[in-house]
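Below: one structure, written as structure tokens.
The values are calculated or read from the model by the stated rules, or taken from the named source; none is laboratory data. What you see is a predicted model; the values in this text were computed from it and never measured. Cβ placement follows ideal geometry from the backbone for every residue including glycine, while neighbour counts extend to all protein chains displayed.
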Amino acid sequence: MYSSVFSKAFSLFLCKGAIPSVVLSKKIAFSFSLSLSCRTFASMKIGNVEFGPYPVFLAPMEDVTDIGFRLLCKRFGAAMVYSEFVAADALVRMVNRSLEKLAVCDDERPVAIQIYGKEPGPVADAARIVVERARPDVLDLNFGCPVKRVAGKGAGAGMLQNIPKMLEITRAVVDAVDIPVTVKTRLGWDEGSKVIVDLAESLQDCGIRALTIHGRTRAQMYTGEADWTLIGEVKNNPRMTIPIIGNGDITSPERARECFDRYGVDAVMVGRATFGRPWIFKEIMDVLNPESVSAAHEAVKSDYPVMSADWKIDVLKEQVLTSVRRIDEYRGILHSRRHLAASPVFKGIPNFRETRIAMLRAGTVDELFAILERAREAVRQVTD
């Protein structure tokens, strides 16, 4: 009896923040620090997947978040990684290239697979295929991709112009699978239709287990700055009980901390800032949660100190090799070279344009690595 009473009291006190000492009997006394808050005790959960303090997720990005890149980000501290988004129609038609995107491995778990489509039936069928073939920890619905070939056809962020259909798809998928279903979307279609506060409630009512919000409208694409004020409003809505994940312009540990502290989100998601910089997760977690342990020293075979410029170049080379091993030389290089060209490790090197172009044109691992070694010498001249 006492344990049951205490359990209820404990939950109530936790949710209210500061907690005084509570004594249930002479034999059962529990003391809590006034400085501890609900966020300190409560772990974020999506279904049965539990995350530690300050979880940082890798965003789903087409032609970027293949399995090799996901594994690297995981080793550097990503709490959960997402697949490239996959078209539901292509999965239903059993298109091999789309089916290949469902490949996951235990080392990257927890992992989410993201799908998109514009009709409830095919999306629900695709969700069943995902669960049957890959059994990810989370199935994510893409209602946020702004690119024309997706949103222009009514899928992705295009669903922000047809909210009833979006909700119909969400309910169909939740009913179709036995793993947690989540959604990623944007503030609204344009400046005049920022519907996310009400939409979040409706999506929660459909049965999703978490919601990721990118702080831009579809009309903005990726221009301007992400607006997190409405993300914070969703999080602070007393009706919302599911985790809220904020996304948009997380480019540094300081910005990640600000978003956690100012807007109260349960997790943040990093997208474009990971290009050529999978170690950003270590940078962020070293600040947010210094006690967290990453496998950065084991991520690559390198003779150089972790986080040194030479070590980062070795990380980029390992990223190439991982992709080549898991796909093939041509496509593995194709997947990796945009990371190399965009990597901040080469920032500030004089006359680097020709080297960057050469990276993008490289067709073999040997050719690409020879270019990287020349770039290494250029980096040393700048950093020494």
- Query: For region 46-96, what are the residues that are among the basic types (Lys, Arg) and either assigned by TED's automatic domain parsing to the domain that holds residue 334 or under 25 Å from residue 298 (Cβ atoms) (or both)?
  - Reply: 70, 74, 75
- Message: For the condition outside the structural domain of residue 72 (by TED's automatic domain parsing), among the basic types (Lys, Arg) and touching a Gly at 6+ places or on another chain (Cβ under 9 Å), what is the one hit in 331, 338, 374, 361?
- Response: 338
- Note on the structure: Selection from region 320-377 of residues in a loop (DSSP other than H, G, I, E, B) and either touching a Cys at 6+ places or on another chain (Cβ under 8 Å) or at pLDDT 85 or above (or both) yields 328, 343, 347, 348, 349, 350, 351, 352, 362, 363, 364
- residue 287 being in contact with a Pro (Cβ under 9 Å, 6 or more places away or on another chain), of a type in the set (A, V, I, L, M, F, W, C) and more than 20 Å from residue 82 (Cα to Cα): yes
- Message: Can you find, within region 224-244, the residue that is farthest from residue 192 (Cα to Cα) among those that are in a helix (DSSP H, G or I) and not acidic (Asp, Glu)?
- Response: 235
- Message: Give all pairs with beta carbons closer than 6 Å in which a residue from region 81-95 that is crowded, with 24+ Cβ neighbours inside 10 Å meets a residue that is of a type in the set (Val, Ile, Thr) and not in a loop (DSSP other than H, G, I, E, B); count only pairs at least 6 apart in sequence or on separate chains.
- Response: 81/111; 83/113; 86/115; 88/115; 88/123; 91/129
- Message: Quick check on residue 325: is it surrounded by fewer than 21 Cβ atoms within 10 Å (Cβ to Cβ) and either within 18 Å of the chain's Cα centre (by Cα) or at positive phi (or both)?
- Response: no
- Query: Looking at region 225-234, is at least one residue touching a helix residue (DSSP H, G or I) at 6+ places or on another chain (Cβ under 8 Å), closer than 21 Å to residue 166 by Cβ and among the aromatic types (Phe, Trp, Tyr)?
  - Reply: no
- Message: Taking the conditions exactly as written (of a type in the set (Asp, Glu) and over 29 Å from residue 51 (Cα atoms)), does residue 329 satisfy them or not?
- Response: yes
- Please verify whether region 296-313 includes one or more residues that are closer than 15 Å to residue 57 by Cβ and touching a Ser or Thr at 6+ places or on another chain (Cβ under 7 Å). no
- Query: Which one is surrounded by the fewest Cβ atoms within 10 Å (Cβ to Cβ), of the residues in region 218-246 that are modelled with pLDDT under 95 and of a type in the set (Ser, Thr, Tyr)?
  - Reply: 223
- Apart from one, (1) surrounded by fewer than 18 Cβ atoms within 10 Å (Cβ to Cβ); (2) at pLDDT 95 or above; (3) in a loop (DSSP other than H, G, I, E, B) all hold for residue 209; the odd one out is (1)
- Message: I'd like the full set of residues that are over 17 Å from residue 84 (Cβ atoms) and of a type in the set (Val, Ile, Thr), limited to region 117-146.
- Response: 131
- Task: Mind counting the residues in region 288-319 that are among the hydrophobic types (A, V, I, L, M, F, W, C) and within 11 Å of residue 276 (Cα to Cα)?
- Result: 3
- Residue hits (region 143-160; surrounded by 15 or more Cβ atoms within 10 Å (Cβ to Cβ) and either under 17 Å from residue 175 (Cα atoms) or aliphatic (A, V, I, L, M) (or both)) are 150, 151, 155, 157, 159, 160
- Query: residue 170: at pLDDT 95 or above, within 28 Å of residue 220 (Cβ to Cβ) and in contact with a Phe, Trp or Tyr (Cβ under 7 Å, 6 or more places away or on another chain), yes or no?
  - Reply: no
